[in-house]
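The values are calculated or read from the model by the stated rules, or taken from the named source; none is laboratory data. Since this is a predicted model, take the numbers as computed values, not measurements. Here the Cβ positions follow ideal geometry from the backbone for every residue, glycine too, while neighbour counts run over all protein chains shown. Ligands, DNA and RNA are stripped out before the accessible areas are found, and what is left, the full protein with its side chains, is counted by its heavy atoms. Shrake-Rupley method; radii C 1.70, N 1.55, O 1.52, S 1.80 Å.
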Amino acid sequence: MSAKLVLQGIAVAAFMAMLHSGYSAREYLMYSKSIGRQDLSLPIEIVLECLVSLAIMTVALVISVGKLKPISYEAEMKRYSIDGVFSRPSFQAFNHRGRYLRPLVDQPA
């Protein structure tokens, strides 16, 4: 098996553990309310299960992603030529005052 697949499996198992900790917290709070306890704080086991599963899932997902692509402007612009960047047809105006000014430029001084 590839390492990426193993890490994704670990991330899924950690997510299931996080769901279990949420379910355990809900069940504990419901039980505490039913017996009339005033202190509704969670036991340390449930809190630790949630935090450890969160840490394991985060590490597994970050490692399984692989090499990240550069997002800098320079790396993005290496793919384009300057003609492709500045040729924006939506900004071209063909109905402008140049046709009226051209005869003035062509006149001899």
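Filtering the stretch 1-35 to residues that are in contact with a Ser or Thr (Cβ under 8 Å, 6 or more places away or on another chain), open to solvent by less than 60 Å² (accessible area, probe 1.4 Å) and more than 14 Å from I63 (Cβ to Cβ) leaves A17, M18, S21.
Here I44 clears all of (1) surrounded by 10 or more Cβ atoms within 10 Å (Cβ to Cβ); (2) at pLDDT 95 or above except the condition numbered (1).
Entry remark, the stretch 3-36: residues being free of Cβ contacts under 8 Å to residues at least 12 places away in the same chain and of a type in the set (S, T, N, Q) number 2 in total.
Matching residues to (1) under 30 Å from L7 (Cα atoms); (2) of a type in the set (S, T, N, Q); (3) part of a loop (DSSP other than H, G, I, E, B); (4) within 30 Å of the chain's Cα centre (by Cα):
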| position | (1), (2), (3), (4) |
| --- | --- |
| S41 | no, yes, yes, no |
| S53 | yes, yes, no, yes |
| E74 | no, no, no, yes |
| D83 | no, no, no, no |
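Here is the figure for the stretch 67-109: residues that are touching a helix residue (DSSP H, G or I) at 6+ places or on another chain (Cβ under 9 Å) and at pLDDT 75 or above total 2.
Being at pLDDT below 95, under 30 Å from A3 (Cα atoms), open to solvent by 80 Å² or more (accessible area, probe 1.4 Å) and part of a helix (DSSP H, G or I) is a description that applies to I63. What number goes with the only condition from (1) farther than 30 Å from L5 by Cβ; (2) modelled with pLDDT of 95 or more that Y23 does not pass? Every condition holds for Y23 apart from (1). Among the residues of this structure, I56 does not count as one that is of a type outside the set (D, E, K, R) and open to solvent by 100 Å² or more (accessible area, probe 1.4 Å).
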